[in-house]
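Trainee: The structure that follows is given in the form of C-alpha cells.
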Amino acid sequence: MSARAYRDEFETAAAAARYDEVGYGVDSYWSLLHQIESEIILGRIRELFPERESLSALDFACGTGRMTAVIENAVGRCFGMDINAAMLVRAKQKTSKSHYI
C-alpha cells in the first residue's frame, strides 16, 4: 500500500474514529497487544534513561496517538508525527503535553 493510499484511507474523522474504536477497542486483540507493548516500552525507557526530564521522544507515524499518550509522561518532551490530519486530531485529544507535526 502506498503512502498516498494510507492517507486516503483515514482522511475523515469517522474513519479515524473507526480505526481507534474498532481496531483498538477495549476487548480487542490489538488492545491487548497495545497493553503489552506499552509495558515493554515504558520499562525500556526507565531502564535506559534514568534522567528522563531532558529526554525527547518522537512517535513517528503516530496515527491516533496510542503510543504517544503512553510515552508523553515518561519523557521531558514528546512529539507525534503523522501524514494524516484526521488521525492527529484524535491524537491531540488523548494527550496533554505532546506536540504534533
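The values are calculated or read from the model by the stated rules, or taken from the named source; none is laboratory data. Because the structure is predicted, anything quoted here is derived from the model rather than measured. Neighbour counts run over all protein chains shown; Cβ positions are idealised from the backbone, glycine included. Quick note on the areas: whole protein, heavy atoms, side chains included, nothing else; ligands and nucleic acids left out. Shrake-Rupley method; radii C 1.70, N 1.55, O 1.52, S 1.80 Å.
Trainee: Scan the helices (runs of 4 or more DSSP H) fully inside the range 1-72 and keep the ones with 3 or more residues being of a type in the set (Gly, Ala, Ser).
Mentor: So the answer is 13-18, 29-48.
Trainee: Turning to a different aspect of this structure: Please tell me if Ala85 is open to solvent by less than 70 Å² (accessible area, probe 1.4 Å), aliphatic (A, V, I, L, M) and modelled with pLDDT under 95.
Mentor: On the way: open to solvent by less than 70 Å² (accessible area, probe 1.4 Å): no; aliphatic (A, V, I, L, M): yes; modelled with pLDDT under 95: yes.
When the stated conditions are applied, Ala85 does not pass them.
Trainee: Give just the number: which of (1) assigned to a loop (DSSP other than H, G, I, E, B); (2) at pLDDT 95 or above; (3) out of contact with any Lys or Arg (no Cβ under 8 Å at 6 or more places or on another chain) does Gly80 not satisfy?
Mentor: (1)
Trainee: If you check Thr64 against the conditions, is it under 14 Å from the mean Cα position of the chain (by Cα) and at pLDDT below 95?
Mentor: yes
Trainee: Among residues belonging to the range 66-82 that are in contact with a His (Cβ under 8 Å, 6 or more places away or on another chain) and open to solvent by 40 Å² or more (accessible area, probe 1.4 Å), point out the one that is nearest to Arg46 (Cα to Cα).
Mentor: Arg77
Trainee: Just the residues that are of a type in the set (D, E, K, R), loosely packed, with under 14 Cβ neighbours inside 10 Å and touching a residue at least 12 places away in the same chain (Cβ under 8 Å), please, taken from the range 38-65.
Mentor: Within the range 38-65, the subset of a type in the set (D, E, K, R) is 39, 44, 46-47, 51-53, 59.
From the residues that got through so far, the ones that are loosely packed, with under 14 Cβ neighbours inside 10 Å too are 39, 44, 46-47, 51, 53.
Answer for the range 38-65, where residues must be of a type in the set (D, E, K, R), loosely packed, with under 14 Cβ neighbours inside 10 Å and touching a residue at least 12 places away in the same chain (Cβ under 8 Å): Arg46, Glu53.
Trainee: Being within 21 Å of Ser96 (Cβ to Cβ), open to solvent by 30 Å² or more (accessible area, probe 1.4 Å) and at pLDDT below 85 is the requirement here; does Tyr19 meet it?
Mentor: Details: within 21 Å of Ser96 (Cβ to Cβ): no; open to solvent by 30 Å² or more (accessible area, probe 1.4 Å): yes; at pLDDT below 85: yes.
In short, no.
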